[in-house]
Every structure is written in structure tokens, then in C-alpha cells.
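FYI, it's all coordinate maths here, none of it is from the lab. The structure displayed is predicted, hence computed values, not measured ones. Here the Cβ positions follow ideal geometry from the backbone for every residue, glycine too, while neighbour counts run over all protein chains shown.
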């Protein structure tokens with residue numbers, strides 16, 4: 001990330017980040033680079049933790065949540081070709097945090113809100129609904 005910019009400049013952006021996952025073969029935590037939608041920061045200055053929604057191709061439909069895995073429409077996907085190359089879903093129910101140090105520096109973040117406010121607000125609405133249902 002460009003630490004000369006404000007953290008607010010990255011809100012709503014899709015970019016690439018090093019992301020932790022559990023490697024079943026090696027039986028340990030590992031990392032891969034994957035696309036994420038940045039939705040918040042822990043503070044206004046870098047370095048810091050970033051709240052993200054992972055973006056995934058989700059190959060098998062049995063692993064997709066009907067309500068909280070939002071497929072990125074093709075017209076929007078075409079405008080995200082610097083970070084996404086195939087059909088992808090924003091995983092609203094999988095929010096997590098990554099370090100700003102793990103964001104890939106040689107990829108320009110793309111602001112989803114600038115591309116499609118309608119889809120952007122659909123993501124926000126689903127996110128609010130998901131979090132309102134927790135602890136019920």
C-alpha cells in the first residue's frame with residue numbers, strides 16, 4: 001500500500017492481499033495471494049490491520065451461500081481485470097482482517113463503488129443483514 005495516501009482512500013477497493021489459509025496437506029497455516037474487498041481500517045494511519053471481505057471463484061456450487069456469496073456481474077468483472085480473471089464472488093459472511101503490509105503493492109486497487117454503485121450498495125445491504133443476524 002502507498003503509505004502516503006490515507007487509509008480512507010482504500011475503502012471500497014478490490015485489491016490483492018496475502019491471505020492465510022489452512023493447508024490440509026501440510027497440516028499447517030500457509031498463505032496465498034487472493035483478491036479482497038477492503039471495507040475498513042483499524043486506524044487512520046499505516047501500518048495497520050484492514051477489514052476485508054474475501055473474493056473467491058468458489059468452484060463448487062455446494063460451497064456457495066445463496067444469500068451471502070454475491071457473484072460479481074460480468075460487466076463489473078470486466079472492469080476488475082487487473083485483480084480478477086474469472087467468475088468471482090464477494091464472500092460477505094467471511095469477513096476477516098489482514099495486515100496492510102500484506103497488500104500487494106504492484107497492483108492498483110480498483111474502487112468498486114466507482115464502477116457500480118448499485119452492486120456496491122447490494123453488498124452493503126447484505127453485509128448489514130448478515131451482521132444483524134449474529135447472536136440471535
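Temperature 25 °C, viscosity 0.890 mPa s: under these conditions the Stokes-Einstein estimate for the chain, based on its Kirkwood radius over C-alpha pairs, is 158 µm² per second. Test of understanding: in a Gaussian network model of the chain with alpha carbons linked when under 10 Å, which of 100, 30, 17 would top the mean-square fluctuation ranking? Maximum fluctuation in the GNM of the chain, among the listed residues, is at 30.
Between 91, 64, 18, the Gaussian network model of the chain with springs among Cα atoms under 10 angstrom shows the greatest mean-square fluctuation at 64. Model label sites at residue 94 and residue 8, defined 7 Å from Cα along the beta-carbon direction, differ in position by 3.1 nm.
Please check: in the Gaussian network model of the chain (C-alpha springs, under 10 Å), which one of 104, 55, 33 has the largest mean-square fluctuation. The residue with the greatest mean-square fluctuation here is 33.
Stretched out fully, how many nm does the piece from residue 132 to residue 60 gain, at 0.36 nm a residue minus the Cα gap?
Numbers: separation 72, 0.36 × 72 = 25.92 nm, distance 2.75 nm.
That works out to 23.2 nm of additional length.
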